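The values are calculated or read from the model by the stated rules, or taken from the named source; none is laboratory data. This is a predicted model, so every value here is computed, not measured. Neighbour counts run over all protein chains shown; Cβ positions are idealised from the backbone, glycine included. For accessibility, only protein heavy atoms count, side chains too; no ligands or nucleic acids. Shrake-Rupley method; radii C 1.70, N 1.55, O 1.52, S 1.80 Å.
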Amino acid sequence: MTVRKYFRQGRASPFEYTWPAGRGIPGWVLQHKVPYGTSDAAHDPVMQHDLPINVDVRSIICTPILSSFGEVLGYFDIRNKQDAEGFTVADQDMLMALAPAASIAIQNALAYQQRLSAETELQESYERLRALAANLEVVREEERTQIARELHDQLGQALTAMKFDLAWLTNRIVDKDEALGQRAKAVTTQMDTMIKTVRRIATELRPGMLDDLGLAASIEWLAHDFEKRTGIICLTTVTVPDVPLPRAPSLTLFRILQEALTNVARHANAQLIEVRLDATPETVTLQVHDDGRGIQAGEAAGLHSLGLLGMRERAQRLGGTFDIRGVPGDGTIVTVIIPVKSN
Ligand SMILES: Nc1ncnc2c1ncn2[C@@H]1O[C@H](COP(=O)(O)OP(=O)(O)OP(=O)(O)O)[C@@H](O)[C@H]1O
Ligand SMILES: [Mg+2]
């Protein structure tokens, strides 16, 4: 048992000492879990006479403070009863009667300390997880960039070269064999589609247009492309066309829009989506409103809602907010607000 402070006539003095069980009077109490007292401290065989706090001690009484499981949490150590030779059985009984209250106070304090450190640990592990998620996202973006580059530069260019060769061959075949020529033309058309698909995938993977054309134009492109592929009408309203945003928040909003649109296509059963981009000098707000079945309260909080979690994390990483809500009879609204740093 460790003692850190020692009170003498109402004043606390620092005193760092750990009693081994069985050593000195507190050690004896620790071991036997019953009170110990003496009126002749100078000649007491249990008392440790070499400790500075034990100088000038005439009488002493030491009673244990037990936990509800019977372990010693602490002890009362009272010395030198005034105007008397030593402590009585009544004194001892009074201290023993006080012990349960002290025990509850100590156990509460210990539980509180444990809760505090558990909370700190939880907070720390949460921070670590967030850092890990953020790092994972950086790595994913790098990988996407790499794949987009390979797709665009290698596959895209090879396909374009093949298309030209095919066109050259088609021109030569068409005069000699009509049927063969038509087949070759059909392959050329398929190649055109393939080249467009590769370009689209590359752009979705690494929206270079964010750098070239800015956020507003990129959002319009994404909405238009989405409409073409899904048949869901996707209207965009950009109130501030030239939102001057660095790449990080632009990419965040672009990725959130990608996930929000994918969710509409997968879950909403919607016919119409309205995408709005508003900006003030302090914030940029993206809103995606579909006219589908509307997200239910439970769905947004599901453990497997990784898409929603990712959107929220992205927004929060930049100090922003993310909100998704179903409006009865009026689909779902996703709102993302990102603060803009003023220079
Ligand atoms: N626009 C929407 N309309 C209706 N329900 C939606 C909409 N967006 C999300 N949801 C509901 O919220 C759930 C969670 O979405 P979330 O994007 O997190 O997961 P997911 O799309 O099912 O899977 P993934 O992790 O691949 O994104 C969806 O399964 C769906 O039930
Ligand atoms: Mg999703």
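Residues in the range 256-272: is at least one loosely packed, with under 15 Cβ neighbours inside 10 Å, under 19 Å from Gly331 (Cα atoms), of a type in the set (Ser, Thr, Tyr) and in the same structural domain as Lys228 (by TED's automatic domain parsing)? Checking the range 256-272: at least one residue is loosely packed, with under 15 Cβ neighbours inside 10 Å, under 19 Å from Gly331 (Cα atoms), of a type in the set (Ser, Thr, Tyr) and in the same structural domain as Lys228 (by TED's automatic domain parsing).
Within the range 174-199, residues that are assigned by TED's automatic domain parsing to the domain that holds Leu151 have Cβ atoms under 9 Å from residues that are open to solvent by 90 Å² or more (accessible area, probe 1.4 Å) and of a type in the set (Asp, Glu) in these pairs: Gly181/Asp175, counting only partners at least 6 apart in sequence or on another chain. Considered as a group, the residues in the range 193-242 that are within 14 Å of Gln258 (Cα to Cα) and among the acidic types (Asp, Glu) include one that is modelled with the highest pLDDT, and that residue is Glu227. Just one of the listed residues (Gly307, Gly320) is open to solvent by less than 30 Å² (accessible area, probe 1.4 Å), farther than 24 Å from Gly231 by Cα and at pLDDT 90 or above, and it is Gly320. Where strands (runs of 3 or more DSSP E) sit wholly within the range 227-292, those with at least 3 residues that are away from ligand 2 (no atom under 16 Å from the Cβ) and in contact with a helix residue (DSSP H, G or I) (Cβ under 8 Å, 6 or more places away or on another chain) occupy 233-238. Figure legend. Inter-residue proximity from the range 120-133: first residues part of a helix (DSSP H, G or I), second residues open to solvent by less than 90 Å² (accessible area, probe 1.4 Å), beta-carbon distance below 8 Å, spacing 6+ or different chains. Indicated pairs: Arg130/Glu313; Ala133/Glu313. Within the range 293-343, restricting attention to residues that are among the hydroxyl-bearing types (Ser, Thr, Tyr) and more than 16 Å from ligand 2 (Cβ to nearest atom), which residue is farthest from the chain's Cα centre (by Cα)? Restricting to residues being among the hydroxyl-bearing types (Ser, Thr, Tyr) and more than 16 Å from ligand 2 (Cβ to nearest atom), the top hit is Ser342.
For the range 2-16, a residue qualifies if it is touching a residue at least 12 places away in the same chain (Cβ under 8 Å) and open to solvent by less than 50 Å² (accessible area, probe 1.4 Å), and the qualifying residues are Val3, Tyr6, Phe15.
Can you report the number of residues in the range 293-303 which are assigned to a loop (DSSP other than H, G, I, E, B), within 12 Å of Ile324 (Cα to Cα) and within 9 Å of ligand 1 (Cβ to nearest atom)? Residues meeting the conditions: 3. Open to solvent by less than 100 Å² (accessible area, probe 1.4 Å) and either over 26 Å from Lys196 (Cβ atoms) or outside the structural domain of Lys196 (by TED's automatic domain parsing) (or both): is that true of Glu141 in this structure? Here the answer is no, as Glu141 does not meet what is asked.
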